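Take a look at the structure below.
The values are calculated or read from the model by the stated rules, or taken from the named source; none is laboratory data. All values derive from a computational prediction rather than experimental measurement. Because the Cβ atoms are built from the backbone with ideal geometry, glycine has one as well, and the counts that use them run over all protein chains shown.
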Amino acid sequence: MPDSLQNPANSALVLFSGGQDSATCLAWALTRFGRVETVGFDYGQRHAVEMEARLAVREGMAGVMPGVADRLGPDHIVDLTGYGRIAESALTADRAIEMDARGLPTTFVPGRNLVFLTCAAALADRRGVEVLVGGMCETDYSGYPDCRRDTIDAMEVVLSLGLDKPVVIETPLMALTKANTWALAHELGGQPLTDLIVEASHTCYRGDREHRQAWGYGCGDCPACELRAVGHAEWAARP
């Protein structure tokens with residue numbers, strides 16, 4: 001674990017779903033900022049079990065990262081169920097998980113990260129938090145255009161203009177593969193953190209908490225599980 005705090009006077013708001021990526025981002029933020037808060041979004045997702053996973057991961061951080069756990073501040077929940085009904089997808093309705101006519105997976109929720117970042121920026125403004133932290137990644141992702149570097153850079157500009165102040169969006173996983181994300185978690189918190197991510201975080205689109213895999217709980221065949229499984233296997237095979 002890094003032994004020096006890079007931004008002791010700064011604060012961060014982590015967009016926190018309770019999945020592998022946001023759990024790693026939370027650990028990353030705790031090693032870099034003096035105060036860290038989290039925000040989750042209820043958009044009517046079918047895999048609502050992730051809302052429970054959020055709490056388990058947050059609570060577990062105190063045990064696996066005791067040196068920085070005192071920096072973890074309040075958690076916030078934003079009700080976006082109305083948006084979820086508008087932006088219907090296989091994550092919010094009973095639809096097959098497949099590719100659509102545009103070549104995008106039906107799990108794509110139109111504008112999800114744009115909405116999340118806008119709400120997070122508004123919350124951060126009222127909370128006096130300087131930096132937003134998100135787990136977006138364009139290297140190992142499910143084909144979502146709102147995860148791309150260009151999209152996040154554009155949102156940074158738009159939010160800064162709209163709020164008339166600098167808005168910083170940190171995306172520590174943007175250029176990492178899933179294997180590298182596992183490696184980063186291990187670098188940040190060792191085996192205790194990776195064990196917490198395996199046991200408590202949730203990624204599976206089907207909300208499966210019954211089947212335990214080497215990399216955690218999930219159905220094993222949805223796109224999210226496949227990405228997580230391949231990344232874990234690649235990381236575990238490294239010398």
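Of all residues in segment 136-173, those being in a loop (DSSP other than H, G, I, E, B), modelled with pLDDT of 95 or more and closer than 30 Å to Ala236 by Cα number 3.
In segment 160-177, is there at least one residue being farther than 22 Å from Leu117 by Cβ and either touching a helix residue (DSSP H, G or I) at 6+ places or on another chain (Cβ under 6 Å) or among the β-branched types (Val, Ile, Thr) (or both)? Checking segment 160-177: at least one residue is farther than 22 Å from Leu117 by Cβ and either touching a helix residue (DSSP H, G or I) at 6+ places or on another chain (Cβ under 6 Å) or among the β-branched types (Val, Ile, Thr) (or both). Looking only at segment 192-217, residues that are in contact with a strand residue (DSSP E or B) (Cβ under 9 Å, 6 or more places away or on another chain) and in a loop (DSSP other than H, G, I, E, B) come to 8 in all.
In summary, Asn180 fulfils each of the numbered conditions (1) at pLDDT 95 or above; (2) outside any helix (DSSP H, G or I) with the single exception of condition (2). Taking every residue in segment 38-66 that is small (Gly, Ala, Ser) and pairing it with any residue that is modelled with pLDDT under 85 and surrounded by fewer than 23 Cβ atoms within 10 Å (Cβ to Cβ), at least 6 positions away or on another chain, the pairs with Cβ-Cβ distances below 6 Å are Gly44/Thr81; Gly44/Gly84; Gly44/Thr92. Screening segment 195-223 for residues that are acidic (Asp, Glu) and more than 22 Å from Ala183 (Cβ to Cβ) and picking the one that is surrounded by the most Cβ atoms within 10 Å (Cβ to Cβ) gives Asp208. On inspection, Val129 fails the criterion of being surrounded by 18 or more Cβ atoms within 10 Å (Cβ to Cβ), within 21 Å of Ser17 (Cα to Cα), in contact (Cβ under 8 Å) with a residue 12 or more places away in the chain and in contact with a Cys (Cβ under 8 Å, 6 or more places away or on another chain).
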